[in-house]
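Below is one structure. I have some questions about it.
The values are calculated or read from the model by the stated rules, or taken from the named source; none is laboratory data. Values in this document were obtained by computation on a predicted structure and should not be read as measured data. Cβ coordinates were reconstructed from backbone atoms using ideal geometry, including for glycine residues, and neighbour counts include every protein chain displayed. Note: areas computed on protein heavy atoms with side chains; ligands, DNA, RNA excluded. Shrake-Rupley method; radii C 1.70, N 1.55, O 1.52, S 1.80 Å.
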Amino acid sequence: MEATVLVLFSLLLLAGQQACAASGAAGGGDGFSVELIHRDSPRSPFHDPALSPQARMLAAARRSIQGQVLARGSASAPGAAPAPASGGAAGGSGGVESKIITQSFEYLMSVSVGTPATQMLAIADTGSDLVWFDCRSNGSVFAPSRSSTYEVVGCQSDACQALDRASCDADSDCQYQYSYGDGSHIVGVLSTETFTFASAAAAAASQVVSVPHLDFGCSTYLAGSFRADGLVGLGGGPLSLVSQLGSATQFGRRFSYCLIPSAAAAADNVSSTLNFGANAVVSEPGAASTPLVPGEIDTYYTVALESVAVGGKTVASNESAIIVDSGTTLTFLDPALLKALVGELGRRINLTRADPPEKLLEVCYDVSGRPEEEWGIPDVALRFGGGGVVTLRPENTFVLVQEDTLCLAMAAVTGDQPVSIIGNIAQQNFHVGYDLDARTVTFAPADCAHSSPAASS
């Protein structure tokens, strides 16, 4: 009898410890925050110390335009990855067809995986769902065989069924293949693990939150240039980290970020913040919310753009769907809308036009010898469905891409890039919150360098 009571007590204690691990986090028991590292930060594997701030911005614009050539990944698509060596997940015609994914990304996040935990620095991507890490045997960062909590997901599981298409190996394990817009491929086995997140707050560096049994892709074959340890999908689909945290914890399906201007992130080695649960609530003064609307791809956060105003004057009022994406640098607009916007800006800005470097951007100005207060750049107001208005300051609409060349950080939607997108320059110094349960996106002006706990770490 005593032994039975002891066993029951031990099980209850273990359950309580697991519950605490899933709820104890920075900022309280119902939310947590982690650092969001810009790819140009010295802490990023993509950092190039030889580039000037203007050259980094030009490179980001180049990635944004080139990376928006969208492609549907398919195991049978031309140029698909060859089957990996024996022991890895096979490709073949039964692989998973990914949702539309772009190659462009700008932010990374740290997450520890497994027991004992292995720290990973992964791409944070609001434009995709699947979480995956490099599991290749030749010097991989994450080795499943060394983790006591690693499990493989079966073909009949709900997680496997959530993939567009899945194939089964001889052991009925769920296999996937994703293809990206730049021709890169990943192949692997859907698995589960314990994820551990460290607090972004310097004062709470010892606080962590651990969540067991989260689904992720253990990639055994990678074709392409992946210098990060993997990718964390933050999209709206069922396999994204956000959706899984909502199912496995009390955090709900909500997250937010506050993006520090990229030039400061690269020069000052400070990080933005990615928030989950209660920490993701956007409650700052001036917060504006807009409902999510159905889009062609469930992964994407699509909202309705109703009108655009320049300096208080409405220049376009045709409602259109637009995606909010942190992984895209530039903002992409319908050509007619962009033309009207550019025309009104040209009438108000007191600067001489300049040739765009590499002809990447449509509108540039020569600012040599002119102090910033003389530029005359007006605010641009975006009115969304539901009446929410987001006012973009000059830092959200124009960027220096050469020492004396200031360019509009917007481009026209094209056949190669057929989707309207609000990019991350437009979102800098805003607290942007996504609530998948309430089906809203909320924007609030913020000084992200000072309001972010990661900025003081």
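For residues that are out of contact with any strand residue (DSSP E or B) (no Cβ under 8 Å at 6 or more places or on another chain) and either closer than 22 Å to Glu296 by Cβ or in a strand (DSSP E or B) (or both), scanning just region 394-423, find the one that is modelled with the lowest pLDDT.
Asp416
I'm checking my understanding of the structure. Among residues of region 241-250 that are buried (at least 24 other Cβ atoms within 10 Å of the Cβ) and not β-branched (Val, Ile, Thr), which one is farthest from the chain's Cα centre (by Cα)?
Of everything passing the filter in region 241-250, Leu245 is farthest from the chain's Cα centre (by Cα).
Can you find a residue that is within 20 Å of Glu284 (Cα to Cα), out of contact with any Gly (no Cβ under 7 Å at 6 or more places or on another chain) and either of a type in the set (A, V, I, L, M, F, W, C) or in contact (Cβ under 8 Å) with a residue 40 or more places away in the chain (or both) anywhere in region 398-420?
no
Follow-up question, since we're still on this one. Are any residues in region 216-231 on the phi < 0 side of the Ramachandran plot and crowded, with 24+ Cβ neighbours inside 10 Å, and if so, which ones? If you could, list the steps in order and put the result at the bottom.
Let us first name the residues in region 216-231 that are on the phi < 0 side of the Ramachandran plot, namely 216-223, 225-229, 231.
Listed by number, the residues that qualify are Phe216, Gly217, Cys218, Ser219, Leu231.
Working only within region 136-149, note down all residues that are open to solvent by 10 Å² or more (accessible area, probe 1.4 Å) and either under 30 Å from Asp325 (Cβ atoms) or part of a loop (DSSP other than H, G, I, E, B) (or both).
Pass one, region 136-149, residues open to solvent by 10 Å² or more (accessible area, probe 1.4 Å): 136-141, 143-149.
Answer for region 136-149, where residues must be open to solvent by 10 Å² or more (accessible area, probe 1.4 Å) and either under 30 Å from Asp325 (Cβ atoms) or part of a loop (DSSP other than H, G, I, E, B) (or both): Arg136, Ser137, Asn138, Gly139, Ser140, Val141, Ala143, Ser147, Ser148, Thr149.
Right, something else. Provide a single number: the residues in region 316-353 that are within 30 Å of Ile123 (Cα to Cα) and assigned to a loop (DSSP other than H, G, I, E, B).
7
Against the definition (at pLDDT below 90 and surrounded by 22 or more Cβ atoms within 10 Å (Cβ to Cβ)), how does Ser104 come out, yes or no? Reasoning before the result, please.
On the way: at pLDDT below 90: yes; surrounded by 22 or more Cβ atoms within 10 Å (Cβ to Cβ): yes.
Yes; evaluated as a whole, the condition is true for this residue.
Among the numbered criteria (1) out of contact with any helix residue (DSSP H, G or I) (no Cβ under 7 Å at 6 or more places or on another chain); (2) modelled with pLDDT of 95 or more; (3) surrounded by 19 or more Cβ atoms within 10 Å (Cβ to Cβ), which single criterion is violated by Val281?
Of everything listed in (1) out of contact with any helix residue (DSSP H, G or I) (no Cβ under 7 Å at 6 or more places or on another chain); (2) modelled with pLDDT of 95 or more; (3) surrounded by 19 or more Cβ atoms within 10 Å (Cβ to Cβ), Val281 misses just condition (3).
Condition first: in contact with a helix residue (DSSP H, G or I) (Cβ under 7 Å, 6 or more places away or on another chain) and of a type in the set (Asp, Glu). Can you find one or more residues in region 306-313 that meet it?
Yes.
Turning to a different aspect of this structure: Inspect all residues belonging to region 434-449 and state whether any of them is touching a Pro at 6+ places or on another chain (Cβ under 7 Å) and under 17 Å from Ser283 (Cα atoms).
Within region 434-449 (the criterion being touching a Pro at 6+ places or on another chain (Cβ under 7 Å) and under 17 Å from Ser283 (Cα atoms)), the answer is yes, since at least one residue qualifies.
Restricting attention to region 368-404, which residues are within 14 Å of Ala263 (Cβ to Cβ) and among the aromatic types (Phe, Trp, Tyr)?
The one that is within 14 Å of Ala263 (Cβ to Cβ) and among the aromatic types (Phe, Trp, Tyr): Phe398.
Which members of region 258-313 meet the condition of being among the acidic types (Asp, Glu) and assigned to a strand (DSSP E or B)?
Glu306
Sticking with this structure for a sec: Can you find, within region 356-376, the residue that is least open to solvent (accessible area, probe 1.4 Å) among those that are more than 23 Å from Val413 (Cβ to Cβ) and assigned to a loop (DSSP other than H, G, I, E, B)?
Out of the qualifying residues, it is Val367.
What's the number of the condition Thr115 fails, among (1) over 30 Å from Ser256 (Cβ atoms); (2) modelled with pLDDT of 85 or more; (3) open to solvent by 50 Å² or more (accessible area, probe 1.4 Å)?
(1)
Looking only at residues that are more than 20 Å from the chain's Cα centre (by Cα), open to solvent by 50 Å² or more (accessible area, probe 1.4 Å) and not charged (D, E, K, R) in region 150-199, which one is modelled with the lowest pLDDT?
Ala170
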